[in-house]
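Peer 1: This is the structure, below, for whatever I ask next.
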Amino acid sequence: MIPKYFDTHSHLQFFGFDEDLAEVLGRMKEESVSTVVVGTDKESSQKACDMISVKDGIFAAVGLHPNDALKEEFSTSFYKTLAQKEGVVAIGECGIDLFRTKEWSEKELEKQKEVFMQHVELGVELGKSLMIHCRDAHTETTAILQEKKKIYGEKLFGNIHFFTGSLAEANAYVELGFTISFPGVITFTSDYDDVVRGLPLESILSETDCPFAAPVPYRGRRNEPIYVKEVVKKIAEIRGEDFEKVREVLVANAKRVFSV
Ligand SMILES: [Zn+2]
């Protein structure tokens, strides 16, 4: 399948798709939408791998979400075995989240950092992209990536998913060779318009993070990968660029970052 759109971050293995997954996949095929199904722990990473269909443009990412870093002991060997399967294109989602754990302790932050660094090592070892989740912790995340970049250079790369930060914070990742992906959120708030406008188009990816965060005009409903079209439209609109050009570049960016 030659993708027309690339939803670089979805959770098709989550409960929201239990009833009608076949229909959702059918609509993706009809509209030539490719996706990376992202794992957040052992079980969902395994499920993401079970959904891989390279010919249909369904890929997977395996990893432990920072908010689960205290619940599950990160097993490098488990994730390494999964990651070597054909169609696994990224390690994650991994990173640091100090938003959802409002009352985070120093101990939790240290654990999140430790587990994040284990993902970094695995990504570098396997030559895979990192799928990074970061909320309210751009300083901590950037510091780790800057330090690791000095050691690993080009071997360290990836995407900052569901970006919620400033243009300066986004640029710090871009300088390290990372891409920034935007979800449906940009269709209902103008908070990130300056980031969408200020980055080089080559550093931007589109995503849904479905079943969460459906874009306008589907707000409040379950999100699904074909709605990534609304995100692409909005990126083109905010930047004042031709939709067709933006669509093509965003697909090319995803193919480059995930080597597909
Ligand atoms: Zn996610």
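Since every read-out is calculated from the coordinates, none of them should be taken as a lab result. Just so it is clear, the structure is predicted and the values come from calculations on it, not from any experiment. All Cβ positions, glycine included, derive from the backbone under ideal geometry; neighbour counts span all protein chains shown.
Peer 1: With a cut-off of at most 14 other beta carbons within 10 Å, and DSSP calling the residue loop, which trypsin sites (Lys or Arg not before Pro) in region 23-78 qualify? Please list them.
Peer 2: In loop regions of region 23-78 (DSSP not H, G, I, E or B), the sparsely surrounded trypsin sites (Lys or Arg not before Pro) are 71.
Peer 1: Using a simple spin-label model with points 7 Å from Cα along the Cα→Cβ vector, what separation in nm is obtained for residue 100 and residue 54?
Peer 2: 3.1
Peer 1: What's the FRET efficiency of residue 189 with residue 150 using the Cβ-Cβ distance as r and R₀ = 25 Å, to the nearest 0.05?
Peer 2: 0.10
Peer 1: In addition: Could you pull out every one of the aspartates and glutamates with an alpha carbon less than 13 Å from that of residue 42, ignoring same-chain neighbours closer than 8 positions?
Peer 2: List returned: 50, 68, 72, 73, 93.
Peer 1: Helix check for the chain. Which DSSP H runs span at least 27 Å along their own axis by Cα, with a mean Kyte-Doolittle hydropathy no less than -1.0?
Peer 2: Those that pass (Cα extent of 27 Å or more, hydropathy at least -1.0) are 106-126.
Peer 1: Using the basic label-point model (7 angstrom from Cα toward the beta carbon), what is the residue 80 to residue 143 distance in nanometres?
Peer 2: If labels sit at residue 80 and residue 143, their model points lie 2.9 nm apart.
Peer 1: With each pseudo-label sitting 7 Å past Cα toward Cβ, what's the residue 241-residue 256 distance in nm, one decimal?
Peer 2: Here the answer is 1.1 nm between the modelled labels.
Peer 1: With N set to the residue count of region 5-258, report its C-alpha Rg divided by 2.2 N^0.38 Å to two decimal places.
Peer 2: The value comes to 0.93.
Peer 1: On a straight-distance basis, which aspartates and glutamates could pair with residue 29 in a cross-link, Cα separation under 12 angstrom, same-chain partners fewer than 8 positions away excluded?
Peer 2: Here the aspartates and glutamates satisfying the reach criterion relative to residue 29 are 56.
Peer 1: Please give the calculated 222 nm ellipticity per residue for the chain, where each DSSP H segment of at least 4 residues contributes -39500 (n - 2.57) and the sum is spread over every residue; nearest 500 deg cm²/dmol?
Peer 2: Roughly -12500 deg cm²/dmol at 222 nm, from the helical runs in the chain.
Peer 1: Counting other Cβ atoms within 10 Å, which GluC sites (Glu not before Pro) in region 74-111 have at most 14 and lie in a DSSP loop?
Peer 2: 86, 103
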